[in-house]
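Engineer: I am attaching a structure below and will ask some questions about it afterwards.
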Amino acid sequence: MEFRHKSVLLEECMAALNLRPGGVYVDCTLGGGGHSQEILLRTGPDGKLVAFDQDPAAIRAAGERLKEFGERVTLVQSNFVKLEEKLQELGYTGVDGILFDLGVSSYQLDTPERGFSYQHDAVLDMRMDPTQPISARDLLNEWPEVEIARIIREYGEERWANKIAALIVRERTNRPLETTGQLVELIKRAIPVKARTGGPHPAKRTFQALRIAVNNELENFRSALLQAVRMLKSGGRVAVITFHSLEDRIAKQTLAELARTCVCPPELPVCVCGKQPEVKLIGKAIEPSAEEVAENPRARSARLRVAEKI
Ligand SMILES: C[S@@+](CC[C@H](N)C(=O)[O-])C[C@H]1O[C@@H](n2cnc3c(N)ncnc32)[C@H](O)[C@@H]1O
């Protein structure tokens with residue numbers, strides 16, 4: 001299958017990163033390599049790019065696409081939760097810009113055997129890194145009902161989470177849950193017809209929740225964003241594209257916290273905390289234009305947040 005992924009908010013990201021010729025940039029989410037390629041094209045013959053992806057298929061395909069840039073590119077097959085460690089191993093103490101384009105690529109979604117999509121009947125996998133020990137199948141067949149319900153409620157913001165978890169657990173006592181099709185059927189049974197007509201696909205929230213849990217997405221992103229800010233040179237930019245409210249909240253709150261000055265209670269006459277802001281926020285969240293959404297529906301929920309290291 002051809003690796004296809006249309007990069008979201010491409011021009012906006014390039015502007016946000018304030019690219020300069022000869023700079024060092026990091027793409028934490030290489031995917032199909034669209035953003036990476038653009039960074040390389042715009043940073044001249046001396047610009048360098050380090051690109052992370054935990055999915056070997058992305059590294060392979062984007063490696064091919066970026067071959068023409070030779071030694072200007074370093075590909076790192078790793079979770080971006082190891083951002084600081086890996087950059088230091090490569091000898092970098094500071095970089096000029098860092099990009100996160102979170103979530104899964106269209107390629108991952110459209111490859112049935114990866115098990116990310118409720119549109120295909122396939123094995124329940126959902127691991128971005130196929131060597132990671134826990135898949136969606138393990139989680140659904142082994143975790144306690146309360147934990148499954150919590151995941152679906154918190155990460156999917158699904159109001160029928162308890163009912164879905166109860167049906168999952170009842171089903172697995174008869175036969176293990178193996179396929180996305182089996183799960184979709186259970187979700188449909190758990191949600192009353194009235195509540196699941198007219199809106200998005202009834203399995204959308206539960207699938208999002210499981211993917212987040214299987215890949216520990218929120219914790220890893222929070223940690224990596226803090227590491228990214230530590231690794232930026234003064235004046236360097238971090239740009240983050242999120243695709244749902246949970247990710248966006250983490251981006252917004254983490255960057256706002258890093259941008260804050262004194263955190264002393266207002267009743268104290270003088271500052272005793274000495275907190276200095278580490279970043280300044282650059283503008284408000286940027287959303288894709290109507291034209292981009294019309295051309296690429298996946299961009300619909302995207303939000304770009306940007307901050308500059310002080
Ligand atoms: C939305 S796609 C990126 C698309 C890319 N910007 C482009 O223009 O083609 C997200 C990619 O990030 C990878 N990814 C997501 N979370 C990751 C993590 N914690 N560590 C490393 N890679 C991750 C996924 O495997 C996927 O390939």
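Engineer: Could you tell me whether segment 45-66 includes any residue that is more than 15 Å from P21 (Cα to Cα), touching a residue at least 24 places away in the same chain (Cβ under 8 Å) and of a type in the set (F, W, Y)?
Structural biologist: So far as segment 45-66 goes, yes, one or more of its residues are more than 15 Å from P21 (Cα to Cα), touching a residue at least 24 places away in the same chain (Cβ under 8 Å) and of a type in the set (F, W, Y).
Engineer: Follow-up question, since we're still on this one. Inside segment 74-91, can you point out the residues that are within 14 Å of the ligand (Cβ to nearest atom) and either loosely packed, with under 15 Cβ neighbours inside 10 Å or farther than 19 Å from Q132 by Cα (or both)?
Structural biologist: Passing the criteria: L75, E84, E85, L87.
Engineer: (1) part of a loop (DSSP other than H, G, I, E, B); (2) more than 9 Å from the ligand (Cβ to nearest atom): which one isn't true of G32, the others all being true?
Structural biologist: Condition (2) is where G32 drops out.
Engineer: Out of E38, E12, report the one residue that is surrounded by fewer than 20 Cβ atoms within 10 Å (Cβ to Cβ) and away from the ligand (no atom under 12 Å from the Cβ).
Structural biologist: Exactly one residue qualifies, and that residue is E12.
Engineer: Of everything in segment 248-281, what is assigned to a helix (DSSP H, G or I) and exposed (fewer than 15 other Cβ atoms within 10 Å of the Cβ)? Give them in sequence order.
Structural biologist: Correct list: R249, Q253, A256, E257.
Engineer: Inside segment 111-175, counting only helices (runs of 4 or more DSSP H) that do not spill past its ends, which hold 1 or more residues that are within 16 Å of the ligand (Cβ to nearest atom) and buried (at least 17 other Cβ atoms within 10 Å of the Cβ)?
Structural biologist: 136-142, 145-156
Engineer: Picking from I59, I39, which residue would you name as being part of a helix (DSSP H, G or I), of a type in the set (V, I, T) and within 22 Å of P130 (Cβ to Cβ)?
Structural biologist: When all the criteria are applied, what remains is I59.
Per-residue answers, yes or no, for (1) assigned by TED's automatic domain parsing to the domain that holds Y25; (2) in contact (Cβ under 8 Å) with a residue 12 or more places away in the chain; (3) farther than 18 Å from T29 by Cα; (4) not charged (D, E, K, R):
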residue: T242; (1), (2), (3), (4): yes, yes, no, yes
residue: I250; (1), (2), (3), (4): yes, yes, no, yes
residue: A256; (1), (2), (3), (4): yes, yes, yes, yes
residue: V263; (1), (2), (3), (4): yes, yes, yes, yes
residue: I286; (1), (2), (3), (4): yes, yes, yes, yes
residue: S289; (1), (2), (3), (4): yes, no, yes, yes
residue: R300; (1), (2), (3), (4): yes, yes, yes, no
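Engineer: Go through (1) more than 9 Å from the ligand (Cβ to nearest atom); (2) closer than 17 Å to V240 by Cβ and name the single condition E68 misses.
Structural biologist: Single failed check for E68: (2).
The values are calculated or read from the model by the stated rules, or taken from the named source; none is laboratory data. None of the values given here were measured: they were computed from a predicted structure. Note that we place each Cβ from the backbone using ideal geometry, even for glycine, and neighbour counts take in every protein chain shown.
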